[in-house]
Every structure is written in structure tokens, then in C-alpha cells.
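Below is one structure, written out as C-alpha cells, with a few remarks after it.
Where a number appears in this text, it was derived from the coordinates with a stated rule and is not lab data. Only a predicted model underlies this, so the values are computations on that prediction, with no experimental measurement involved. A quick note on method: Cβ atoms are made from the backbone with ideal geometry, for glycine too, and the neighbour counts reach across all protein chains shown.
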Amino acid sequence: MMTLPKISHREATPYIAVKAVVDLPFDDEIPPIMDRLFGHLKASGLTETGLVFFKYNVIDMPTIEMEFGVPVDRIVEDGGDFVSGVVPAGEYAEITYFGPYGDLMTVNGVLTGWAKNSGLNFDAREADSGEWFASRLEVYHNSPDEEPDPQKLQTTIAIKLKD
């Protein structure tokens, strides 16, 4: 089940993330990346202020440059493959899906198709390889650790629109 696509406003949000280049499918890479992220979060004394998200920076299927992140109370200095920044404020095309993560590629297609048919333009451009996005997020409201029924997993996909 998914909500109808909509346009929503998001405020600027500081975050910390692990930056990685992954190839689809990358399911096996997620647990160690998230362990490193939360270990770093704890060691740096940052306070988590929101939901875990995956930020898709450059998509060149099947390769994706992305950040596995969490909102925090302040920006900190980057170090190694940890990056700190701000998810930009602005208008986003958004849809929320209730179901297994394996369906998220299809849900992304629903959102991008709706945006195209609605005449909306993403804050994106062609990169050296693939497409770069100012902010393309999958926000995870819960996880399989919290919710063992895959039909009850909740994910919001949000893609920043051009100003």
C-alpha cells in the first residue's frame, strides 16, 4: 500500500552519514554500514534528531553513490568516509510506502512518473556518469529489527524539486 504522491515542504536538516558507492543489490552492505554509522554517532557525542535515511547522490544503474545517514543536532567536520552536511530545505515530491524494501524501486518509479506527468522538475542534472540529485531520499520510519512483518515497513521517498 502507498499514499498518493504529493508535494511537501522539508526544512533544512543537519545530518551525519557514511558515504559509499554501491552496486544493486546492496542489501548485504547495509548492516555493517549502519553499525559503523551508529558507532560513529555514539563516539562523536552527536544527538540523533530524526529518522534514518538513504540519500541517493548519483545514480548510474546499477551503481549508486549514496549516503547512509541520520539527522543530528549539528554539523561536524567530515572524516574518512563519514560526511556531515545539511539535507536542503525546499519543496519535495513525496510518497510513502508500506511494504517490503524489495518494492522500493517500483515505488520510486511511481513517484518519478507522477512528477513527470505533473510537469514537475527535480533538482537534478546529468553527471559525468549517471544523474546527480540535490536531495533524493528514502526515509525509514521503522526497520525489520522493530517490525518483523515486511508488510508493515514504512518508507517515505522524497525527491527535491527545482526552486
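Brief remarks on what is shown
Quick grid of which residues meet (1) aliphatic (A, V, I, L, M); (2) in a loop (DSSP other than H, G, I, E, B); (3) loosely packed, with under 13 Cβ neighbours inside 10 Å:
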position	(1), (2), (3)
106	no, no, yes
109	no, no, yes
113	no, no, yes
125	no, no, yes
128	no, yes, yes
139	yes, no, no
147	no, yes, no
151	no, no, yes
157	yes, no, no
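- Qualifying positions in region 36-95 - small (Gly, Ala, Ser), over 25 Å from residue 146 (Cβ atoms) and in contact with a strand residue (DSSP E or B) (Cβ under 7 Å, 6 or more places away or on another chain): 84, 85, 89, 90, 93
- Of all residue pairs spaced 6 or more apart or on separate chains, those with beta-carbon atoms under 7 Å, a first member in region 121-143 that is over 18 Å from residue 108 (Cα atoms) and a second member that is among the aliphatic types (A, V, I, L, M) are 127/58; 142/153.
- Restricting the first member to region 149-163 and to residues that are in contact (Cβ under 8 Å) with a residue 60 or more places away in the chain and under 17 Å from residue 109 (Cα atoms), and the second to residues that are of a type in the set (S, T, N, Q) and surrounded by fewer than 21 Cβ atoms within 10 Å (Cβ to Cβ), the beta-carbon pairs closer than 7 Å and six or more apart or on different chains are 156/96; 157/108; 161/121.
- Residue tally, condition closer than 20 Å to residue 63 by Cβ and touching a residue at least 40 places away in the same chain (Cβ under 8 Å), over region 1-26: 8
- Search result, residues across region 20-49 that are in a loop (DSSP other than H, G, I, E, B) and either of a type in the set (Gly, Ala, Ser) or under 16 Å from residue 139 (Cα atoms) (or both): 45, 49
- Residue count, region 33-52 (criterion: in contact with a Leu (Cβ under 9 Å, 6 or more places away or on another chain) and either within 15 Å of residue 74 (Cα to Cα) or among the acidic types (Asp, Glu) (or both)): 3
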